[in-house]
Amino acid sequence: MIRGSKPTLDSIRDKVESNERLSFDDGLFLYEPTTPLHEIGELANLVRERKNGNRTYYNINTHLNTTNVCVYRCTFCAFRADLRDARGYVMSDEEILARGAEAVDNGCTEMHLVGGLHHQKPYEWYLNTVRILHEAYPQLHLKAWTGVEINWFEFLTKRPVRQILQELIDVGLGSMPGGGAEIFHPEVRDKICEHKSDASKWLEIHRTAHELGLRTNCTMLYGHIENAYHRIDHLNRLRELQDETGGFQTFIPLAFHPENTGLAHLAKPSSLMDLRTLAISRLMLDNIPHIKAYWIMLGIGTAQAAQAYGADDLDGTVRHELIYHDAGATTPELLTVQDLRRLIEEAGREPVERDTVYNRIERDPTDLRRWQVSEPLAS
Ligand code: V47
């Protein structure tokens, strides 16, 4: 890392106004508690409006977690269960297909499909889930399996990542969600999820996905045992990969929810920390088009404010979310389209429905099942 003179708000403002990249040290300075949040927000808003104007995007989506049984024991996770745990479940093909039918009946354009790494389920089970859903509901975009699952499939099959991803694409995979990134730095990663794929593996999987033409998202789990250095290091690694491939479309900072986890003694990050992290992400990730304020995790009020702190996307209406609700999230299980549009309009922004890969969706307001892709949304 090259270190220049110590950053100030003025030097950072000059860089943002002239579209110059912020340095690692700039990022650390923005995380200092004495750097005023409202000033960081104003700068992030400048970048947000430069990239995405006054629009805030949302989609109509559903989640599907096919099993919560998982060989890993990440300390931050309240969702996972052991193989013989009474809480453990595995969905049948019929249940999976019923969720697809429900999604289509409710006008969903996307299914966010992830799950535990089940001790006894072969790779073919995960592959087949994508296949049967895609065959039955080809109009539903399948944003499925994180880099961590792909790494698990690599372990199970001993096949190269490229081949696994190609097989998934061939049966209907549309894109990949950004989960499993957590915090890349080994000082933290080794403590919260030591068995999971390390940073270089997670990044290699996304690099390969991008090379195969898949768009993917990326995330960062913050507000637990990490510090500002680890967060900026994480953003920096994502920015470097994006320089190479351009395949990330959205970054989602994920606030840690401690309830029912191995880190339940920690306090949940404050809304101020949430806004600071969203804004710093917008400023550091100058090459990623969208920053998502995931309302499920932030709460409605902070998701509204986030739209003035760098965020241009709220995720979707969402149904069947388990990961955050198992960890104590008190947000509703789903929002209606009217709720989402209202909370965007109340923030002074223009609501725009998108599909998973940021095409504008036109929808019949009297019948949510009638929709079509209109134009690609440039940013
Ligand atoms: O990787 C797990 C996080 C992630 C907890 O790509 C927790 O559009 C907080 O990645 N407290 C999964 N966070 C969710 C995810 C996601 C969500 C929304 C949209 C997209 C997208 C991706 O949730 C995990 C982990 O980082 N997580 N447990 C917890 N107790």
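Bear in mind that the values in this text are calculations on the coordinates, not laboratory data. In this text the structure is predicted, and so the values were computed from the model without any measurement. When we count neighbours, we look across all protein chains shown, and the Cβ atoms used for this are built from the backbone with ideal geometry, even at glycine.
Values computed for the structure shown
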quantity	calculated
Charge context of residue 325, other residues only, Cβ under 13 angstrom, K/R +1, D/E -1	-3
For the range 164-244, with +1 on Lys and Arg beta carbons and -1 on Asp and Glu, the positive-most of 174, 205, 223 along the dipole	223
Antiparallel bridge percentage (DSSP; both residues within the chain; nearest 5)	15
The range 54-376, relative contact order [Cα under 8 Å, separation at least 6], %	22
Cα pair distances exceeding 22 angstrom across the range 2-154, given as percent	60
Most fluctuating residue given options 285, 83, 235, as computed from a GNM of the chain linking Cα atoms under 10 Å	83
Cβ-based charge dipole, the range 54-376, positive-most Cα from 69, 374, 137	69
Farthest toward positive dipole pole in the range 54-376 [+1 Lys/Arg, -1 Asp/Glu at C-beta], among 192, 255, 109	192
Filtered chymotrypsin sites (Phe, Trp or Tyr not before Pro), the range 121-221: DSSP coil and at most 16 other beta carbons within 10 Å	none
Spin-label model distance (nm) - residue 166 vs residue 229, 7 Å beyond Cα toward Cβ	4.3
Debye, to nearest 20: dipole size of the range 189-293, +1 on Lys, Arg Cβ, -1 on Asp, Glu Cβ	260
Under 5 Å, built H, 5+ apart or other chain: amide partners of residue 221	182, 183, 254
Kirkwood-type radius of the range 199-328, with distances r between different C-alpha atoms, in Å	15.3
Alpha-carbon spread of the range 54-376, three principal axes, descending order, Å	48, 46, 42
Table column - 3J(HN,Hα) (Hz), the range 79-90, Karplus curve with 6.51, -1.76, 1.60, x for Gly and Pro	7, 5, 9, 6, 4, 9, 5, 5, 6, x, 9, 9
Mean ellipticity per residue at 222 nm, deg cm²/dmol - from DSSP H runs of n ≥ 4 across the chain, formula -39500 (n - 2.57)	-12500 deg cm²/dmol
Cubic angstrom per residue, convex hull over Cα atoms of the range 112-188	98
DSSP beta bridge pairing in the range 1-148, given as percent antiparallel to the nearest 5	10
Amide proton proximity set for residue 56, modelled H, under 5 Å, gap of 5+	350, 352
Debye, to nearest 20: dipole size of the range 54-376, +1 on Lys, Arg Cβ, -1 on Asp, Glu Cβ	400
Built amide H within the under 5 Å cut-off of residue 374, gap 5+	360, 361, 362
Where labels lie 7 Å past Cα in the beta-carbon direction, separation of residue 85 and residue 72 in nm	1.4
Anchor residue 121: aspartates and glutamates whose Cα lies under 17 Å away (excluding residues fewer than 8 positions away in-chain)	82, 85, 93, 94, 95, 149, 154
